[in-house]
1. Whole-Hz ³J(HN,Hα) for each residue in region 174-181, computed from phi via Karplus 6.51 cos²θ - 1.76 cosθ + 1.60 with θ = phi - 60°, x for glycine and proline: what do you get?
2. Once you have the Cα-Cα distance between Ser125 and Ser293, take 0.36 nm times their residue separation minus that, and quote the gain in nm to one decimal.
3. Work out how much length Ala223 to Ala66 would gain on full extension: take 0.36 nm times their residue separation and subtract the Cα-Cα distance, in nm to one decimal.
4. If you filter region 87-186 for GluC sites (Glu not before Pro), then keep DSSP loop positions with at most 11 other Cβ within 10 Å, what is left?
5. Per residue of region 78-84, in order, report the coupling 6.51 cos²θ - 1.76 cosθ + 1.60 (Karplus, θ = phi - 60°) as ³J(HN,Hα) in whole Hz, putting x for Gly and Pro.
6. Contour minus end-to-end for Glu191 and Ala49, with contour as 0.36 nm per residue of separation and end-to-end as the Cα-Cα distance?
7. I want the antiparallel fraction of DSSP beta bridges within region 108-292, as a percent rounded to 5.
8. What FRET efficiency comes out for Val282 versus Glu202 if R0 is 51 angstrom and r is the Cβ-Cβ distance? Round to the nearest 0.05.
Amino acid sequence: MQVWAMLRFTPPEAFVPFAEAAKEEPPLGQSTFLQLRQFIYQLSGVWIADNRQYFLKARLARRLRALGLQRFEEYLRYVTGTDAAALREQQEMLNAIVVLESAFFRTPEHFEAIARTIVPELQRSGLPLRLWSAGCAAGEEPYSLAMVLHRYGMLSEQLELWGTDVSTDAITQAQRGRYPAATVRIPAEYEPYVVRYGPELEVIPELRQRVRFGVLNLVNTDAVHQMAPMGVILCRNVLLYFAPDVRRRVVQSLVDALVPGGYLFVGGTETLTGMDARLQLVHFPGALAYRRSEAGL
Ligand SMILES: C[S@@+](CC[C@H](N)C(=O)[O-])C[C@H]1O[C@@H](n2cnc3c(N)ncnc32)[C@H](O)[C@@H]1O
């Protein structure tokens, strides 16, 4: 019996395009892989480990098809050029290789800590009510934050919410604020913040217009500094894709962009220990964050 025949809900046709596409993919030689990896690292800080060579090949094979190119060597020449077409392709390449995996209410304790403790604290201390989701994917994170802040009565007119990402595709989707209803999980108490449109859920306009989205590459230190002064920065599940030297540099520029007394949140599996002497670990119920020391050191 064929494997597909044992999978009750998956029609055999579903396997065919993938299998054929895989067969048609041109080979990615080691030297071309190393050069593409280095170029991606220079552009975005993202580091493709040796064991993710197949991932890179599969993602970039789509770009070869879109451009009508037959070989990865041709693609490397094309994308590393200096003309307008090469610059456009550099963005498309980044769009193709970033991992946009996100979810509404991912680590909800972070949003609770921000809405219940941090925003009131920023308000009391007269610190900027400016909150930034850096590496926001398609907007799930800043919209979750907007929903929680609104529910706790903390989404005042003075509060600014920013969402940025290196992927232009992600930012376009974030601005649209529509997500496939089949995959999105919204807790019952937050359902009033979305409206169903056929197979999609749309964040209500009142919240959509509160988040300012933009394309920003976190390895661009000047661009990060221009976001200052921030009261809260979420850079969750982003740093893990960077090479270690880039990770440190990005963290330091994010801390520069934080106001003394402001907070930085990273993903549950990420740690900033030893990365920047200005950061102090702070515990919230079920959550950890880093606070920039008042002195600014
Ligand atoms: C796994 S998602 C995390 C999304 C969200 N922060 C969360 O925790 O659910 C990683 C995001 O980092 C973004 N990213 C990767 N490299 C970046 C860079 N150099 N500058 C800005 N964003 C970047 C990717 O485009 C992607 O949206």
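FYI, it's all coordinate maths here, none of it is from the lab. As the structure is a computational prediction, the values presented were derived from the model and not from experiment. Cβ coordinates were reconstructed from backbone atoms using ideal geometry, including for glycine residues, and neighbour counts include every protein chain displayed.
1. With the stated coefficients, region 174-181 comes to 4, 5, 5, x, 10, 9, x, 4 Hz.
2. Details: separation 168, 0.36 × 168 = 60.48 nm, distance 1.39 nm.
Result for the pair: 59.1 nm of gain on full extension.
3. On the way: separation 157, 0.36 × 157 = 56.52 nm, distance 3.06 nm.
My answer for the length gained is 53.5 nm.
4. Answer by residue number: Glu101, Glu157.
5. 4, 6, 8, x, 10, 7, 4
6. 47.2 nm
7. 45
8. FRET efficiency, Val282 to Glu202: 0.90.
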